[in-house]
Amino acid sequence: MKPIYMDNNATTRVAPEVVEEMLPYFSEFYGNPSSMHTFGGQVAAKVEEAREKLAALLGAGPEEIIFTSCGTESDSTAIWAALRSNPDKRHIITTKVEHPAVKNLAEYLGSQGYRVTFVPVDGQGNLDLDYLYDHLSDDTAIVSVMWANNETGVIFPVEEIAARVTDHGAVFHTDAVQAVGKVPINLGENKVQMLSLSGHKLHAPKGVGALYVRRGTKFAPFLMGGHQERGRRAGTENVASIIGLGKAAELAAAHLEEENKRVKKLRDKLEKELLARIPNAMVNGNPEKRLPNTTSIAFEFVEGEAILLLMNEFNICASSGSACTSGSLEPSHVLRAMGVPFTAAHGSIRFSLSIYNSEEEVDLVIEKLPPIIERLRKLSPFWAEHRKKASCAC
Amino acid sequence: MWEYTDKVKEHFLNPRNVGEIEDADGVGEVGSLACGDALKLTFKVDENERIVDAKFKTFGCASAIASSSALTEMIIGKTVDEAAKITNEQIAEYLGGLPKEKMHCSVMGRDALEKAIAHYRGQPEKKIEGEIVCECFGVTDVQIRRAVNENKLASIEEVTNYIKAGGGCGNCHEKIQAIIDAELGRPAEKKPKPKRLTNIEKIRLVQETLEREIRPQLLQDGGNIELVDVDGDTVLVKLQGSCASCQMSQVTLKDYVEAKLKELVTDSLVVEEVR
């Protein structure tokens, strides 16, 4: 049975056009782009073509793109580069709701003598901008704020933040892994200095990412060795995947409107119908400033893993902010930072759609999920209690 | 994806004995919404103290629901005394095993059963025994000790898997480790006793510690360290490589090099940098 895949913020299907573009570069054109011979050189030309396509999607120059192995590598590279090239500055600002790729690195740096400020969010997941600006100082080396949150889809005003931060003389980096391909990005018109992205979130394969570094930004490589990527990222290029990422960027530009119209409409339908059919359910995060494909819905008094496994019986794929799926016992740090109560945080499910989802699939989830929640609530001691209280109030 | 046995899946998808017995003889409630799982167990006995019916309501993940379901099957037909002997291990075994991260689900079953039996016997609600160690999940030292002994737990991670303690903020990890050490009969601290070292011993130990513990760490970050002299309790060192130019070198020197030497050589040492 074909899965009903609504977990596109976790990873996406590689687009068939991308696969097709990549295939010749495994066994036919397998040369090393660094080689002197034509056989390798033609591969180098193709890598440069991919760079141009990705740059075009971002409104950047090709020389501002460094290919990496993943979003995490891009994030690490950006943050270390800012710290290494500003050794006299010992302060980092980031947010409480970053992806672990940034959050855990920031916490580590905090244990190594750096001062780290984690900017809080409000109940809707909006960033406390005043808090951020109040903590900017001459000692601030880098401010790293995600473009859009992976769990709730809430979008942060990174362009506004970038302007303030760079005016202040600090480096501004954004983890845009969830945003690229879903919201329009034009780096020619803002002050973002570094931007991370990941291939497999936009229908390219896993194992390839990129870091945008604005021309003139001080930089120090994370991986040292060969001269690849103009000495900014050593290591033989993941050629086929880079070519795939180039193609995916081209497709993303072409599909941006569909993402924001058809996919958004599907997401809105899914959300509206689920909320209408399931009592004690609510959306996590600012419903206005959100990625078009993402909805995080809290179902009170039930636990996320149980919901996921029952959905799994129908081959519906989503994810949860619940503790039980992650190996840690605390519910998602994002939902907790937003102050989502435990009653709701444990039972939050994220649906993230893509252009490959159909209305039939959305309808199926709308049909299957309400009985699942009802079934689990019948099992839950808190649901009966809650109903009792509710009827008292009447 | 958790690896559940077919039996866990089966009990999760088709839980037995769901509900609440209205005029129950024994009622046991454990857990809370904040913890992420909770169980209410009710049972009824006949005139021979044999459990004739048991029902449960559970908020939690698949294995919490399966453990509760299994528990009701296990106790129906047993006398209260027999049921009282059921351990969390037996609940897990009944299900063909649980992933180690999910053992706390079987512990929750055992705890609910214990409470329900105490309620049936008219024993006063047990006061929380001991002191809360894990604030996040409200786990006491008595509970941790019991879990460590019953399940032969040897690490904080295992304790978290079984009774959740330490799975939240992590502030209690030291205390949990101390309990594990005490229960397993390990020396409370590995620190060498602060016996008086001769000068030769001290210098040798400083050298050894630098070589074995400190230098490899600094080398990882592209730095290095050289021992210049030991003058009484003052250790004079030279920082090299990336450490020499690093703004954080003073932090490294005091918080890492000095702390390590204090820990492994003697508490009175002071480290100073020779430039």
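So the values come out like this:
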item: Any hit, the stretch A:268-287, residues being buried (at least 20 other Cβ atoms within 10 Å of the Cβ), more than 14 Å from chain B (Cβ to nearest Cβ), out of contact with any Phe, Trp or Tyr (no Cβ under 9 Å at 6 or more places or on another chain) and under 18 Å from A:Gly125 (Cβ atoms); result: yes
item: Single match in A:Thr68, A:Thr72 (criterion: of a type in the set (Ser, Thr, Tyr), within 24 Å of A:Val177 (Cβ to Cβ), in contact with a Leu (Cβ under 8 Å, 6 or more places away or on another chain) and crowded, with 20+ Cβ neighbours inside 10 Å); result: A:Thr68
item: So B:Thr72, is it within 14 Å of another protein chain (Cβ to nearest Cβ), open to solvent by less than 10 Å² (accessible area, probe 1.4 Å), assigned to a strand (DSSP E or B) and not aromatic (Phe, Trp, Tyr); result: no
item: Qualifying positions in the stretch A:34-65 - of a type outside the set (A, V, I, L, M, F, W, C), open to solvent by 20 Å² or more (accessible area, probe 1.4 Å) and not in a helix (DSSP H, G or I); result: A:Ser34, A:Ser35, A:His37, A:Gly59
item: Residue list for the stretch B:53-62, filter: within 14 Å of B:Ile117 (Cα to Cα) and aliphatic (A, V, I, L, M); result: B:Ala54
item: Among residues of the stretch A:105-127, those that are within 26 Å of A:Pro341 (Cβ to Cβ), open to solvent by 60 Å² or more (accessible area, probe 1.4 Å) and either touching a strand residue (DSSP E or B) at 6+ places or on another chain (Cβ under 8 Å) or not assigned by TED's automatic domain parsing to the domain that holds A:Ile93 (or both), counted; result: 2
item: Unmet requirement for A:Tyr356, which otherwise passes all of (1) part of a helix (DSSP H, G or I); (2) open to solvent by 60 Å² or more (accessible area, probe 1.4 Å); (3) among the aromatic types (Phe, Trp, Tyr); result: (1)
item: Single match in A:Ile242, A:Ile316 (criterion: more than 14 Å from chain B (Cβ to nearest Cβ) and in contact with an Asp or Glu (Cβ under 9 Å, 6 or more places away or on another chain)); result: A:Ile316
item: Filtered residue count, the stretch B:114-155, keeping only those that are surrounded by 16 or more Cβ atoms within 10 Å (Cβ to Cβ) and over 22 Å from the mean Cα position of the chain (by Cα); result: 6
item: Residue within the stretch A:241-257 that is more than 21 Å from the chain's Cα centre (by Cα) and either charged (D, E, K, R) or surrounded by fewer than 21 Cβ atoms within 10 Å (Cβ to Cβ) (or both) present; result: no
item: Residues within the stretch A:255-311 that are under 30 Å from B:Pro15 (Cβ atoms) and of a type outside the set (Val, Ile, Thr), tallied; result: 25
item: Test result for A:Ile93, closer than 30 Å to B:Gly222 by Cβ and within 21 Å of the chain's Cα centre (by Cα); result: yes
item: Subset of the stretch B:129-172 [aliphatic (A, V, I, L, M), part of a loop (DSSP other than H, G, I, E, B) and out of contact with any strand residue (DSSP E or B) (no Cβ under 6 Å at 6 or more places or on another chain)]; result: B:Leu153, B:Ala154
item: Meets criteria (open to solvent by 50 Å² or more (accessible area, probe 1.4 Å), in a helix (DSSP H, G or I) and within 14 Å of chain A (Cβ to nearest Cβ)) for B:Gln250; result: yes
item: Conditions (1) part of a helix (DSSP H, G or I); (2) open to solvent by 40 Å² or more (accessible area, probe 1.4 Å); (3) within 14 Å of chain B (Cβ to nearest Cβ); number of the one not met by A:Met224; result: (1)
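The values are calculated or read from the model by the stated rules, or taken from the named source; none is laboratory data. Bear in mind that the values here come from a model prediction, so they are computed numbers and not experimental data. Virtual Cβ from ideal backbone geometry, glycine too; neighbours counted across all protein chains shown. SASA here: full protein model, heavy atoms, side chains in, ligands and nucleic acids out. Shrake-Rupley method; radii C 1.70, N 1.55, O 1.52, S 1.80 Å.
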